[in-house]
Amino acid sequence: MTESENQSLNIAVVGAGPGGYAAAFLAADLGMKVTLIDPELNPGGVCLYRGCIPSKALLHVAKLLEEAQQAKNWGIDFPAPAIDLARLRSFKEGVVNKLTGGVGQLAKVRKVHYVQGKAAFENSTTLVVTKPGGENETLAFDKIIIATGSRPAIIPTLKIDSPRMMDSTAALNLEEIPGSLLVVGGGYIGLELGSVYAALGTRVTVVEMLSGLLPGADRDLVLPLHKRLEKMFEAILLNTTVSSIREESNGLRATFEGPNVKEREQVFDRVLVSVGRKPNSEIPGLEKTQVQVGARGFIQVNKQLQTNDPAIYAIGDVVGEPMLAHKASHEGRVAVEAIAGHKVAFEPHAIPAVVFTDPEVAWCGLTETQAEKENREIKVAKFPWGASGRAVTIDRPDGMTKLLVDPKTERVLGVGIVGAGAGELIAEGVLAVEMAALASDVAMSIHPHPTLSETVMEAAEVFYGTSTHIYRPKRG
Ligand SMILES: Cc1cc2nc3c(=O)[nH]c(=O)nc-3n(C[C@H](O)[C@H](O)[C@H](O)COP(=O)(O)OP(=O)(O)OC[C@H]3O[C@@H](n4cnc5c(N)ncnc54)[C@H](O)[C@@H]3O)c2cc1C
């Protein structure tokens, strides 16, 4: 399609999270007429208002508090921190306002028509938008992209009406620093928010019904995190479920079930339920279109992100796992390119996942867990951070970098990292996997010294048995 043909296209994007606004901005850049619809004052969605961004602002503060404590080991004693919760909240809100205001400006300069409101389908190409004041506007388009995201999942048996019960949104509001907090669910959101509260002084207990934290992640990546969290948290209860929660005058009484439960009931000041997220696919009027919704509530799409309705595309959390902001943005760009007639498909080899705890855990491409399940032959090359000069200078040898390599082709299929700053380091792994790099490409690329990035290079050297900082006696 030419630029002038694009200019005649009139498209709507429903939902202005990182999927929706990335799609809207690219569509505008390609010359389309774009309307972006969302209930908030500015674009941003869950990610900017109540997800990635506020949680990372608070985790930054948590890291500082942790480091100040660790400084004792380096001969520096800070007095106990005085926490001004109102100012901490306003720092976090300032970050959110700056970024959402910024994307609002970017929408304006691109001439994206931003409509504050909730959209419902009249038919495949017509939306009715209900504005904050209650008035309705009917708008017609050539194509519509659904980017309505997701919301916290709830456990019906634990649903009680109490201000002490929190989901991730309420936890990020940081109303108080409770004395004790029960986190139900040992996934990344629970561990990140649990870490924030623990750093602020709360006694945090995490309950996970499976046998390990971060189900799905390779166990060797989770182990260093588990060890550190065991020191930071009051308790980590695995293979345990919460069967009921009752409100009492002094807190919430939780009942635990599981083979290792010692204390069946405990009272907590607050409870955070973080047991996953549900796609927002119950969009009013969707039944008037040909869009199909699958069993788990995800809207079904093909590799161009087109739904069963030729006029409607869908992207982001509402179409499936992994429910991550960068996956949503990439899908948004693919959908728009597909609408513009480009030959594109969403078929990444590596979608990075990052858990922003301390240490951070990050991986991309193939995991060992997946390779085992699929019976794939791989060679795993691990470089322990105890042998990294940089890791020792920052007193964080508790990390590990590993490459999953195809033993025949020597191609890097996956990368896993646990350690301080793993979330930044994984980007090199994404590039290696996407560019079909061989372990030798990584090993022969000169990495700056002293940096943690050298651990990626040295893991590649480990694959060939020639890592500079690891001595392996010759066999025979
Ligand atoms: C606490 C927390 C921390 C997280 N941290 C990270 C992280 O570090 N990294 C990461 O990659 N991901 C993280 N996530 C996940 C990330 O926020 C989501 O994957 C991402 O926001 C999904 O983007 P999206 O565009 O699909 O939708 P969303 O960001 O969910 O946005 C959807 C928007 O659509 C709007 N909407 C819904 N229905 C309608 C309608 N009918 N009409 C108009 N608008 C509608 C919603 O109000 C919302 O604003 C985190 C999530 C949480 C909760």
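The values are calculated or read from the model by the stated rules, or taken from the named source; none is laboratory data. What you are looking at is a predicted structure, and each value in this text was computed from that prediction instead of being measured. Please note: Cβ atoms are built from the backbone with ideal geometry, for glycine as well, and neighbour counts cover all protein chains shown. The protein model used for the area step is the full one, side chains on, heavy atoms only, and it has no ligands, DNA or RNA in it. Shrake-Rupley method; radii C 1.70, N 1.55, O 1.52, S 1.80 Å.
Write down the percent of antiparallel bridges among all DSSP beta bridges whose residues are both part of the chain, to the nearest 5.
Details: 48 of 78 bridges.
Of all bridge pairs located within the chain, approximately 60 percent are antiparallel.
For the stretch 47-81 and the stretch 363-407, compute the distance between their C-alpha centroids and round to whole Å.
For the stretch 47-81 versus the stretch 363-407, the Cα centre distance is 26 Å.
Run the reach check for residue 108 against aspartates and glutamates, Cα to Cα strictly under 17 Å, same-chain hits fewer than 8 apart removed. What comes back?
29, 38, 40
Could you sort out which of 278/343; 227/408; 92/131; 227/402 sit more than 26 Å apart by Cα distance in this structure?
Working: 278/343 31 Å; 227/408 35 Å; 92/131 28 Å; 227/402 19 Å.
As for pairs spanning more than 26 Å Cα to Cα, those are 278/343; 227/408; 92/131.
Hey, how much of the P(r) for the chain falls beyond 31 Å, as a percent of Cα pairs? Spell out each step's value before the answer.
Numbers: 57090 of 113050 pairs.
Of all Cα-Cα distances in the chain, 50 percent exceed 31 Å.
Within the stretch 365-464, which trypsin sites (Lys or Arg not before Pro) sit in a loop by DSSP and count at most 15 neighbouring Cβ atoms inside 10 Å? Mind showing how you got there, number by number?
Values: sites: 373, 376, 379, 382, 390, 402, 408, 411; in loops: 376, 408.
In loop regions of the stretch 365-464 (DSSP not H, G, I, E or B), the sparsely surrounded trypsin sites (Lys or Arg not before Pro) are 376, 408.
With every protein chain kept in place and ligands, DNA and RNA left out, what is the accessible area per residue of the chain? Probe 1.4 Å, answer in Å².
Working: 22500 Å² over 476 residues.
Using a 1.4 Å probe on heavy atoms only, each residue of the chain averages 47 Å².
Using the reciprocal of the averaged 1/r over all distinct C-alpha pairs, how large is the Kirkwood radius of the stretch 295-374 in Å?
Values: mean 1/r = 0.0710 Å⁻¹.
Computed over Cα pairs of the stretch 295-374, the Kirkwood hydrodynamic radius comes out at 14.1 Å.
With no solvent and one equal point scatterer placed on each C-alpha of the stretch 351-476, evaluate the Debye formula and give log10 I(q)/I(0) for q = 0.13, 0.17, 0.20 Å⁻¹, two decimals.
These q points yield log10 I(q)/I(0) values of -0.47, -0.81, -1.11.
Looking at the calculated P(r) for the stretch 248-308, what percent of the C-alpha pair distances fall above 15 Å?
Details: 1267 of 1830 pairs.
I get 69 percent for the Cα pairs in the stretch 248-308 exceeding 15 Å.
Mind pulling up the Rg/Rh value for the stretch 205-330? Radius of gyration and Kirkwood radius, both on Cα. Walk me through the numbers before you get to the answer.
Working: Rg = 20.0 Å, Rh = 17.9 Å.
We get a ratio of 1.11 for the stretch 205-330.
Given 72/159; 159/373; 98/118, which pairs have Cα atoms separated by over 32 Å?
Details: 72/159 43 Å; 159/373 35 Å; 98/118 23 Å.
In this structure, 72/159; 159/373 lie more than 32 Å apart at Cα.
When the accessible area of the stretch 386-452 is computed with all protein chains present and a 1.4 Å probe, what percentage of it is carbon and sulfur? Provide the component values of the computation, followed by the final result.
On the way: 1840 of 2880 Å².
After summing per-atom areas, the C and S share lands at 64 percent.
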